[in-house]
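Heads up: the structure comes next, in structure tokens.
The values are calculated or read from the model by the stated rules, or taken from the named source; none is laboratory data. In this text the structure is predicted, and so the values were computed from the model without any measurement. Every residue, glycine as well, gets a Cβ built from its backbone with ideal geometry; the counts of neighbours run over all protein chains shown. Ligands, DNA and RNA are stripped out before the accessible areas are found, and what is left, the full protein with its side chains, is counted by its heavy atoms. Shrake-Rupley method; radii C 1.70, N 1.55, O 1.52, S 1.80 Å.
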Amino acid sequence: MKIKYLIYFLFSIFVLWGAALFQYQYILNLKPEPEYYFVPTVMGILFGLTIMWIIHLNDRLKDRERKIARLNEELKKEVDLKRQALENIEIIATEIFNNQPTITVLTTGKELRMVNKTFFKYFSEYESLEDFKKKHRCICEFFKEKKGYIKPQIDDLVWIEYLEKHPKRIHKAVLNINGKEYIMAVKAAPFYLNKEKLYVVVFNDITELEHANKRLEYMLYHDELTGLPNRRSLIKDIRGRRKKEGLCLVNIDNFKSINDVYGVKIGDDILKEVSKRLTNCVRRRKTKDIKIYKLHADEFAVLHFHKKESLKEYIEIINEVIDELTEKPYVFGDYEIYISVSIGISLIEWVEGHEDLLPSADVALKAAKSKRKHYLFYKDVQSTKRSYEENILWTKKIVKAIKNDRMKIFYQPIYSIKKNKITKVECLVRMIDEDGTMISPAKFLRIAKISKLYPEITKAVINKSFKECSDCSLDFSINIDIQDMTNDDIVDWIKKHIKEYNVGNRLIFEFLETESIENYEIIKDFIEEMREYGCRFAIDDFGSGYSNMERLMELKINYLKIDSSFIKRMLYDRSAEMIVKLINDFAHSINAETIAEFVSSKEIFDKVAEMGIDYAQGYYISEPIPDINNKLFFDSVDRFIV
């Protein structure tokens with residue numbers, strides 16, 4: 001207890017006791033007796049205690065007032081700090097908003113509220129948003145309607161909400177300012193300001209990327225010398241058409257001799273002139289059903305789309321082509337050069353499917369050259385009976401090989417350039433014949449598909465590769481096609497073996513680029529299903545077709561295997577080297593890694609490493625081997641490459 005409480009207590013007793021004494025002696029004139037002091041003493045004690053309690057309560061009240069004052073001060077400081085922090089955040093947010101390299105606008109869905117500095121880099125004639133609003137209702141007035149692109153309506157709430165609901169899609173639009181076009185990727189997201197819902201709409205300039213994609217597409221699908229569509233374009237058109245088709249392959253006879261005698265420059269000029277004459281020949285017919293292509297070396301193709309089979313019409317076209325190319329000389333300076341051509345023709349009606357049209361025309365062309373004919377039809381050089389007999393023979397071989405477990409898995413190492421060691425293998429199926437001969441899948445897979453034996457081969461590959469790879473630490477890839485992905489029995493077989501051997505996190509599925517274009521939804525569903533098991537995905541022969549870049553990014557592919565035709569030519573072909581570089585840069589931009597196929601020499605390997613490609617695969621690393629668990633072999637390869 002505090003001293004002052006004791007003083008107040010004693011003082012109270014003393015005052016009351018003194019007052020009582022005074023009353024008895026001087027007022028009542030009584031002689032005080034001891035018992036007279038009892039009552040004033042008790043009253044003094046009670047009064048003293050009351051005074052002490054009042055003082056105590058007063059002190060506590062003052063303490064609380066001081067605490068409240070201190071808390072108020074601290075709260076004020078905290079509020080000031082938070083206010084300052086909010087002001088700083090607002091300043092930072094404004095700086096970020098203004099310094100974005102993209103056009104960024106803030107809108108209610110009905111009107112523009114704010115634009116950033118980049119906006120005025122494109123709309124440089126305006127100094128402020130108010131100036132812009134005086135002449136234009138909305139930025140959407142500057143977007144151009146164009147096939148394949150959207151036209152943004154950022155003053156339309158329905159349109160904004162559509163963008164908000166599809167954040168993963170890439171919406172592309174054409175911005176036209178004073179006649180200059182920019183390709184923009186458009187995205188939108190909600191933003192709350194003072195409890196008001198606004199939208200941030202971002203326009204990212206992807207003009208250079210779009211132009212690069214178009215250049216890449218052009219290079220992939222056109223011959224550099226003549227500017228005509230190339231072999232890839234021909235294959236794409238054959239697969240993409242649903243009309244009946246006829247294909248003529250035109251080859252210049254003895255073209256090597258022309259190069260040897262007159263030089264490569266004259267040879268190139270002849271090829272360019274041939275392309276012009278073929279184009280003129282088609283133009284004179286005034287039809288869109290005929291298209292010219294430049295294939296490899298001295299070979300051209302004429303693809304004709306028709307509704308009814310008409311050999312007479314084809315013979316007319318062929319004779320026109322022969323006359324156009326051979327009657328007049330090719331004049332270059334003092335040289336007058338005459339050429340002759342051989343032509344092979346095939347119609348879709350004569351083959352099993354679109355993929356056989358080009359090979360069958362090539363068979364007819366080779367037959368025409370060997371027999372020294374101007375042209376030959378495929379049906380005249382290929383016996384149907386012989387083809388059936390050969391199919392039956394191969395079907396028997398495949399059935400016996402499956403029954404007797406003669407489908408063998410070989411493993412081709414894939415070398416990590418960054419890690420300087422083999423980290424993956426590709427599983428390749430080989431059929432062992434009864435006499436022990438190893439047969440390439442190129443000879444039996446087509447027949448297996450026709451005879452419906454292909455699923456059994458797929459099951460054998462999955463069973464053996466999963467089992468053999470379960471005991472090693474390397475990643476491994478298997479090739480899979482659209483037939484496998486749409487076969488529920490095969491998909492269930494894959495899932496069962498992934499669980500049984502616990503290889504999901506090391507398994508890579510490879511599929512062709514052309515299949516990713518034609519069967520996107522099927523492949524997307526398969527990828528999403530298999531990704532749950534930890535599997536990864538690779539596009540094989542990338543560059544042999546033209547992928548939809550937007551869909552490719554949505555699939556989130558892990559690896560792009562660069563088509564071997566570019567890898568083996570890039571040491572001497574500048575165009576091939578440029579395409580490889582573009583593919584490698586594109587892969588890395590979507591967080592995918594690249595694998596160079598057909599690395600057959602040290603020179604190609606060094607070039608691949610120099611270009612920053614992630615992996616190398618080919619006979620320079622190793623040919624396919626039958627035993628994946630041969631550690632001594634893999635160690636020796638690693639030491640050899642390093």
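So the values come out like this:
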| item | result |
| --- | --- |
| Test: residue in the stretch 66-89 that is over 30 Å from Asn194 (Cβ atoms), at pLDDT below 65 and not basic (Lys, Arg) | no |
| Long-range neighbours under 7 Å by Cβ, at least six apart or interchain, first residue open to solvent by less than 100 Å² (accessible area, probe 1.4 Å) within the stretch 433-446, second part of a helix (DSSP H, G or I) and β-branched (Val, Ile, Thr) | Phe444/Ile398 |
| Exclusive hit being among the hydroxyl-bearing types (Ser, Thr, Tyr) and open to solvent by 30 Å² or more (accessible area, probe 1.4 Å), set Tyr520, Tyr501 | Tyr501 |
| Residue list for the stretch 203-224, restricted to those being farther than 30 Å from Phe123 by Cβ, of a type outside the set (Phe, Trp, Tyr) and out of contact with any Leu (no Cβ under 6 Å at 6 or more places or on another chain) | Glu217, Met219, Leu220, His222, Asp223, Glu224 |
| Selection from the stretch 466-479 of residues that are open to solvent by less than 10 Å² (accessible area, probe 1.4 Å) and within 20 Å of the chain's Cα centre (by Cα) | Ser477 |
| Total residues in the stretch 109-122, condition in contact with a Leu (Cβ under 6 Å, 6 or more places away or on another chain) and in a loop (DSSP other than H, G, I, E, B) | 1 |
| Exclusive hit being open to solvent by 30 Å² or more (accessible area, probe 1.4 Å), without any contact (Cβ under 8 Å) to a residue 12 or more places away in the chain and farther than 26 Å from Ile562 by Cα, set Lys452, Lys459 | Lys452 |
| Yes/no for Ser575 being of a type in the set (Ser, Thr, Tyr), in contact with a Gly (Cβ under 6 Å, 6 or more places away or on another chain) and either outside any strand (DSSP E or B) or free of Cβ contacts under 8 Å to residues at least 24 places away in the same chain (or both) | no |
| Unmet requirement for Ala297, which otherwise passes all of (1) over 18 Å from Leu228 (Cα atoms); (2) open to solvent by 30 Å² or more (accessible area, probe 1.4 Å) | (1) |
| Qualifying residue in the stretch 588-600 (condition: within 22 Å of Ile508 (Cβ to Cβ), small (Gly, Ala, Ser) and open to solvent by 40 Å² or more (accessible area, probe 1.4 Å)) | yes |
| Residue within the stretch 254-264 that is open to solvent by less than 90 Å² (accessible area, probe 1.4 Å), in contact with a helix residue (DSSP H, G or I) (Cβ under 7 Å, 6 or more places away or on another chain) and free of Cβ contacts under 8 Å to residues at least 40 places away in the same chain present | yes |
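Here is a yes/no grid of residues against (1) crowded, with 17+ Cβ neighbours inside 10 Å; (2) among the hydrophobic types (A, V, I, L, M, F, W, C); (3) touching a helix residue (DSSP H, G or I) at 6+ places or on another chain (Cβ under 7 Å):
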{"residue": "Arg531", "(1), (2), (3)": "no, no, no"}
{"residue": "Leu555", "(1), (2), (3)": "yes, yes, yes"}
{"residue": "Asn558", "(1), (2), (3)": "yes, no, no"}
{"residue": "Ile562", "(1), (2), (3)": "yes, yes, yes"}
{"residue": "Ile579", "(1), (2), (3)": "yes, yes, yes"}
{"residue": "Phe605", "(1), (2), (3)": "yes, yes, no"}
{"residue": "Tyr615", "(1), (2), (3)": "yes, no, no"}
{"residue": "Glu623", "(1), (2), (3)": "no, no, no"}
